[in-house]
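Before any comments, here is the structure.
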Amino acid sequence: MGSTVIDIPDGEGVVPGSKEKKKKVGDICCQFPIDLFFKEMKSNKHMTRKVIHSIKVGVALVFVSLLYLLDPLYKQVGENAMWAIMTVVVVFEFFAGATLSKGINRGIGTVLGGGLGCLAAIFAQAVGGVGKAIIVGITVFIFGAAATYTRQVPNVKKKFDYGAMIFILTFSLVVVSGLRAEQVLEIARDRLSTIAMGFAICLFISLLVFPIWASDELHDSLVARFEDLAVSLEGFSKEYFENVNEKEKSSFNFSSKCKSVLHSKTKDESLVNFASWEPWHAKFGFCYPWGIYLKLGEDLRDLAITILSLKGCLKSPTQPSESNTCRQPVKEPCEAIVASLAWTLRELGESIKKMKKCGSEDTILPKLKTVRQELSQIPGPSTFGTNNLERTDGLGLATFVYSMVEMVEKMEELAKHVEQLGQRGGFS
């Protein structure tokens with residue numbers, strides 16, 4: 001019995017009539033996907049973290065399922081074990097800070113909702129009769145409406161929206177249950193204990209087993225944006241002052257990197273929120289100034305907008321044409337200015353990455369001041385000639401110079417915020 005075989009090229013191409021390497025179908029089906037998977041795991045850090053998170057959730061579900069599987073535990077918690085499983089499924093998030101945030105919110109919402117619900121149920125039972133239904137309806141309306149309104153307050157919605165929703169759910173379930181007061185208290189206690197078990201399992205696995213920190217993600221993504229903007233500036237300089245073909249343009253496409261920076265606001269806000277919940281770990285202590293990261297993100301987005309506006313100089317009909325010599329006298333000073341701005345961005349990014357003070361007062365700001373002086377020395381539109389074409393070309397270059405001046409001002413603001421982060425964040 002022979003094995004089924006298929007032709008596999010050896011990498012150099014297969015010549016008709018030559019001997020070809022043969023591999024079994026079973027070997028290819030089993031080895032190739034596995035090899036490709038592990039190769040992708042090694043090269044893609046984010047995919048590795050996804051796999052780790054998935055395994056952690058699976059392990060947490062196995063642990064919490066023991067409340068059902070082991071008879072001694074099941075006798076203690078009974079059917080309330082399902083609340084522990086629900087807690088793991090709902091609370092366990094990708095980042096440790098997100099898990100901690102949802103767990104604490106769920107705990108606070110359950111305790112407050114259950115406590116107030118029990119009090120309302122006891123009061124309704126004491127009234128009895130028709131008054132019982134009236135009391136239940138009034139309390140559900142008042143607390144439900146008040147909690148829903150609270151969820152719309154921006155500061156509350158940002159951090160405690162999930163807790164307010166759990167409060168409404170728990171309070172309504174407890175009040176409307178219609179059970180006797182003693183049973184309500186007992187059920188609330190049992191459910192709270194199983195929810196606490198589920199949260200404890202989530203917390204233990206999320207924080208202690210290969211933790212994925214939102215603070216690290218925020219820190220690394222912010223540093224990467226400094227490099228992206230520096231590369232974008234250098235790419236624009238090459239495209240503006242040099243004759244490059246379409247293939248070279250695509251290799252340093254500065255607009256795509258700027259657009260990725262522009263779309264980072266929502267991600268930043270989420271990561272800052274999660275990072276503020278995380279405990280002291282590694283280089284980030286308690287009360288770390290995460291709010292400054294939002295300021296830095298805004299500064300970088302402003303810079304990205306300015307760099308994208310430079311793209312208009314490339315497409316504008318008023319830009320200097322390749323046939324005239326309008327760009328040549330200012331090519332070297334402009335390229336030097338762009339190099340200085342790119343160096344400044346990298347220096348600020350490196351300062352945040354290594355958590356070392358950049359000394360903006362001593363190095364960065366004087367450098368930017370020098371760049372501003374160099375920009376002021378670039379010839380204006382009136383120096384490029386007297387005819388309309390030369391004046392128009394000069395105005396195109398003046399637009400570019402004005403954008404660079406605006407960029408210097410924004411970098412000065414960015415340097416001040418980086419310095420502020422170093423002081424409040426305890427940079428060395």
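Data overview
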item	result
Unique match (being open to solvent by 20 Å² or more (accessible area, probe 1.4 Å) and either in contact with a strand residue (DSSP E or B) (Cβ under 7 Å, 6 or more places away or on another chain) or among the hydroxyl-bearing types (Ser, Thr, Tyr) (or both)) among Thr99, Thr139	Thr139
Residue check for Lys132: open to solvent by 20 Å² or more (accessible area, probe 1.4 Å), of a type in the set (D, E, K, R) and over 20 Å from Ala200 (Cβ atoms)	yes
Pair list, Cβ under 6 Å, 6 or more apart: segment 104-129 residue more than 26 Å from Met197 (Cβ to Cβ), other residue in a helix (DSSP H, G or I) and open to solvent by less than 40 Å² (accessible area, probe 1.4 Å)	Ala120/Thr139; Ala120/Val175; Ile122/Ala181; Ala124/Ile135; Ala124/Val136; Gln125/Ala181; Val127/Ile135
Filter result for Lys238 (open to solvent by 40 Å² or more (accessible area, probe 1.4 Å), of a type outside the set (Ser, Thr, Tyr), in contact with a Ser or Thr (Cβ under 8 Å, 6 or more places away or on another chain) and in a helix (DSSP H, G or I))	no
Residue in segment 58-69 that is open to solvent by 60 Å² or more (accessible area, probe 1.4 Å) and within 15 Å of Thr170 (Cα to Cα) present	no
Long-range neighbours under 6 Å by Cβ, at least six apart or interchain, first residue at pLDDT below 60 within segment 299-321, second buried (at least 19 other Cβ atoms within 10 Å of the Cβ) and outside any helix (DSSP H, G or I)	Pro320/Cys326; Pro320/Arg327
Filter result for Ser193 (in a helix (DSSP H, G or I), touching a residue at least 12 places away in the same chain (Cβ under 8 Å) and more than 22 Å from the chain's Cα centre (by Cα))	yes
Verdict on Val184 being open to solvent by less than 50 Å² (accessible area, probe 1.4 Å), modelled with pLDDT under 90, more than 23 Å from Leu296 (Cα to Cα) and within 21 Å of the chain's Cα centre (by Cα)	no
Check on Val88, free of Cβ contacts under 8 Å to residues at least 60 places away in the same chain and in a helix (DSSP H, G or I)	no
Qualifying positions in segment 54-89 - at pLDDT below 90, among the hydrophobic types (A, V, I, L, M, F, W, C) and touching a Phe, Trp or Tyr at 6+ places or on another chain (Cβ under 7 Å)	Leu67, Ala81
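The values are calculated or read from the model by the stated rules, or taken from the named source; none is laboratory data. In this text, all values refer to a predicted model and were calculated from it rather than measured experimentally. Cβ atoms come from the backbone with ideal geometry, glycine included; neighbour counts cover every protein chain shown. Please note that ligands, DNA and RNA were not included when accessible areas were found on the heavy atoms of the full protein model with its side chains. Shrake-Rupley method; radii C 1.70, N 1.55, O 1.52, S 1.80 Å.
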